[in-house]
Amino acid sequence: MARKKIALIGAGNIGGTLAHLIGLKELGDVVMFDVFPGVAAGKALDIMQSGPVDGFDSAMSGTGDYSAIAGADVVIVTAGFPRMPGMTRDDLLTKNAGVIGQVAEGIKTYAPNAFVICITNPLDVMVWVLQQKSGLPPEKVVGMAGVLDSARFRLFLAQEFNVSVEDVTAFVLGGHGDTMVPLTRYSTVAGVPVPDLVKMGWTTQEKIDAIVNRTANGGGEIVKLLEKGSAFYAPAASAIAMAESYLLDKKRVLPCAVLLNGEYGQKDFYVGVPVVIGEKGVERILEVQFTAEEKAAFDKSCDAVKKLIEDFKKLGV
Ligand code: APR
């Protein structure tokens, strides 16, 4: 069987890390596209040269020509600009929407059957623009945010309980950013829900609240430390988990930004909910029962995403 082809649109920090992980996990061959094709080609060659050491044969190339992504099975999009000092949120929306418009055209023309994962921020709006402009079926276009948010939540909970991250599960919904909604009663240590652990005296509600807050601001914490740029190792690992579930038809249940069509009483925009990812893309959306408080938090998060989409529409890009 031929190796799978994975196209990475954007060869920056996340793009390079994605390519490295794809090699290490032997998921397929990689084509990296960037407006700086030399950077894409240089990173591709550098990573491919680690293959003999680490024992992988993935072919890697860099390009500035969309035709090179032809027939890709998976496309992961990180192309865009970070927010710079002096830039408003609208400036960033306008700039990155322009970039995503070009990316959508490239995918529509050369890789219309791919499973597409968007990482570019502001995530929930950018993935919506990508789906609308590419015209790809919504079940084949998803946004990466929830896997990252829940990884951060799992790490902080594992540290608090002094247990392995492997035994901590987390359930996170909503938009990417500070309105994210972690559902603590569905977050567990080896199946024991967090509220029970509070009752058992493993931690306090105050500490859980602080962890929730730290998770929601997890990206900002790293931006502050790095001073230049934003997180890239964990975002790349998170997108790879989604790609792997699709390529291997694992049917993992992962929180992803997907187009809602009435689920949770919401429709026509992208927001994070738990979904099953398999060979058909998004195969099922899990719709859990909310308490009144959880519903209010989720609706508030949806309102924030919808407001950003309205702002974007007013910009007329
Ligand atoms: N087409 C293709 N690539 C582009 C385009 C374009 N029109 N415009 C910019 N790029 C490329 C840049 O040249 C750069 O190599 O996108 C890459 C972005 O890389 P970084 O700036 O290193 O950003 P990164 O850390 O990888 O994050 C990418 O993901 O998490 C989000 O907020 C983050 O939106 C950002 C994105």
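Inspection of the stretch 149-170 finds no residue satisfying the criterion of being within 16 Å of the ligand (Cβ to nearest atom), within 30 Å of T184 (Cβ to Cβ), open to solvent by less than 10 Å² (accessible area, probe 1.4 Å) and hydrophobic (A, V, I, L, M, F, W, C).
Pick from the stretch 52-103 the residues that are crowded, with 16+ Cβ neighbours inside 10 Å and basic (K, R): which of them is farthest from the chain's Cα centre (by Cα)? Selected residue: K95. The residues in the stretch 114-133 that are within 11 Å of the ligand (Cβ to nearest atom) and in contact with a His (Cβ under 8 Å, 6 or more places away or on another chain) can be counted, and the count is 3. So which residues in the stretch 275-299 are under 17 Å from P138 (Cα atoms), touching a residue at least 24 places away in the same chain (Cβ under 8 Å) and open to solvent by 10 Å² or more (accessible area, probe 1.4 Å), if there are any at all? Within the stretch 275-299, V276, E279, K280, V282, E283, I285, L286 meet the criteria. Among the residues making up the stretch 104-115, a single one is open to solvent by 70 Å² or more (accessible area, probe 1.4 Å) and closer than 21 Å to I277 by Cβ: N113.
The residues of the stretch 13-51 that are under 22 Å from the mean Cα position of the chain (by Cα) and of a type in the set (F, W, Y) amount to a single one, F33. In the set (1) open to solvent by less than 60 Å² (accessible area, probe 1.4 Å); (2) assigned to a helix (DSSP H, G or I); (3) in the same structural domain as D73 (by the TED database); (4) not hydroxyl-bearing (S, T, Y), the condition left unmet by Q132 is number (1). Restricting attention to the stretch 300-310, the residues that are open to solvent by less than 40 Å² (accessible area, probe 1.4 Å) and free of Cβ contacts under 8 Å to residues at least 40 places away in the same chain add up to 0. Listed here are the helices (runs of 4 or more DSSP H) enclosed by the stretch 1-113 that have at least 1 residues being within 12 Å of the ligand (Cβ to nearest atom): 13-24, 37-48, 89-110. No other residue among E227, E244, E263 is among the charged types (D, E, K, R) and surrounded by fewer than 15 Cβ atoms within 10 Å (Cβ to Cβ) apart from E227.
Considering (1) away from the ligand (no atom under 14 Å from the Cβ); (2) part of a loop (DSSP other than H, G, I, E, B); (3) not assigned by the TED database to the domain that holds V282, the lone condition that D178 does not fulfil carries the number (3). Going by the structure shown, is M144 within 20 Å of I100 (Cα to Cα), crowded, with 20+ Cβ neighbours inside 10 Å and in contact (Cβ under 8 Å) with a residue 60 or more places away in the chain? Yes, satisfied. Going by the structure shown, is D196 modelled with pLDDT under 95 and of a type in the set (D, E, K, R)? It is false that D196 is modelled with pLDDT under 95 and of a type in the set (D, E, K, R).
The values are calculated or read from the model by the stated rules, or taken from the named source; none is laboratory data. Since the structure is predicted, the reported quantities are computational estimates derived from the model, not experimental observations. In this analysis, Cβ positions are derived from the backbone assuming ideal geometry, glycine residues included, and neighbour counts consider all displayed protein chains. Accessible surface areas use protein heavy atoms only, side chains included; no ligands, DNA or RNA. Shrake-Rupley method; radii C 1.70, N 1.55, O 1.52, S 1.80 Å.
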